[in-house]
1. Can you give me the long-range amide H partners of residue 179? Hydrogens built in the peptide plane at 1.01 Å from N, cutoff under 5 Å, separation of 5 or more residues or another chain.
2. Among the listed pairs 123/181; 24/135; 110/142; 23/184, which are separated by more than 27 Å between their Cα atoms?
3. If I model a spin label as a point 7 Å beyond the Cα along the Cα-Cβ vector, how far apart are those points for residue 116 and residue 128 in nm?
4. If all Cα-Cα distances of the stretch 84-166 are sorted into 10 Å bins from 0 onward, what percent lands in each bin, rounded to whole numbers?
5. Fully extended, how many nm does the chain gain between residue 176 and residue 78 (0.36 nm per residue separation, minus their Cα-Cα distance)?
6. Which trypsin sites (Lys or Arg not before Pro) from the stretch 51-132 combine a DSSP loop assignment with at most 11 other Cβ atoms within 10 Å?
7. What number, in percent, do you get for the relative contact order of the stretch 42-112 if the mean sequence gap of Cα pairs under 8 Å and at least 6 apart is divided by its residue count?
8. I'd like the Karplus ³J(HN,Hα) series for the stretch 47-59: coefficients 6.51, -1.76, 1.60, θ = phi - 60°, whole numbers in Hz, and an x wherever there's a Gly or Pro.
Amino acid sequence: MQKEKKKLCASDASLQYIDSEVKKPVIKSGNYKGRIAVTGFGPAGLFCALVLSENGYRPIVFERGETVDDRARSVERFWNGGPLNISSNVQFGEGGAGTFSDGKLTTRIKDPFCRYVLESFVKFGAPEEILFRAKPHIGTDKLKSIIKRMREQIMENGGEVHFNTTVTGFETDGSRICRVKTDKGDHDAAAVVMAVGNSARDTFEMLFFKQHSYADQAVFSRCPHRASSGERK
């Protein structure tokens, strides 16, 4: 028998207490018996690698930028008039672009995994207030140390993170990727997660011009548009 949810407001049935149960990602083992490669170490790549490592996989991550500490120094040098590091800046590097936007966690989606993300941040050092504030944020200074702890956990679970390493291509066995090519060497892989963000245009061009066709593909994207274009006529 399903337990009835406790009402928060008698006059408005749509208002309910937040379910305390945290929905966690479930990883299907399937046919992937080897290492899973993750390209990019922004929010998507970071949490992908974390979840994989929590479920017994040993992901191998490739990030073209630097560690968050080295990246912060490169960004500061540029802001002070120094040269731009095209591979490690406010767009590229450990933590992704959000690392330098005060660690804002506001989202308009209602995905059940949002709670898992927030509780993971708290687990690695974020203030507990992000679990209940309407517009939570961590702050860049705190976020940098949190990201490092998450990376250390991934590596403790058997994963690898390769910085200053750009993915340049793939080798296939039939319709499946079997090897990842980088500017620092090649690595065997049973599957690849492309978490490259929106600024890795050379990677997009590589995928487009080589016209890769793989089995078991899944593509997720965010498409910003003007509010007026979404209005019904």
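1. Excluding prolines and chain starts, which carry no amide H, the hits are 171, 189.
2. Working: 123/181 34 Å; 24/135 22 Å; 110/142 25 Å; 23/184 38 Å.
Listed pairs above 27 Å: 123/181; 23/184.
3. 2.3 nm
4. Bin by bin from 0 Å, the calculated values are 16, 44, 32, 7.
5. On the way: separation 98, 0.36 × 98 = 35.28 nm, distance 4.08 nm.
Between residue 176 and residue 78, full extension yields 31.2 nm more.
6. Numbers: sites: 64, 71, 73, 77, 104, 108, 110, 115, 123; in loops: 64, 108, 110.
Passing sites in the stretch 51-132 are 108, 110.
7. Working: 61 pairs, mean separation 21.9, N = 71.
Once divided by the residue count of the stretch 42-112, the mean separation gives 31 percent.
8. Result, ordered by residue: 6, 4, 5, 5, 5, 4, 5, 5, 9, x, 7, 10, x Hz.
The values are calculated or read from the model by the stated rules, or taken from the named source; none is laboratory data. This one's a predicted model, so the numbers in the text were calculated from it and none came from an experiment. FYI the Cβ positions are ideal-geometry reconstructions off the backbone, even for glycines, and counts take in every protein chain you see. SASA here: full protein model, heavy atoms, side chains in, ligands and nucleic acids out. Shrake-Rupley method; radii C 1.70, N 1.55, O 1.52, S 1.80 Å.
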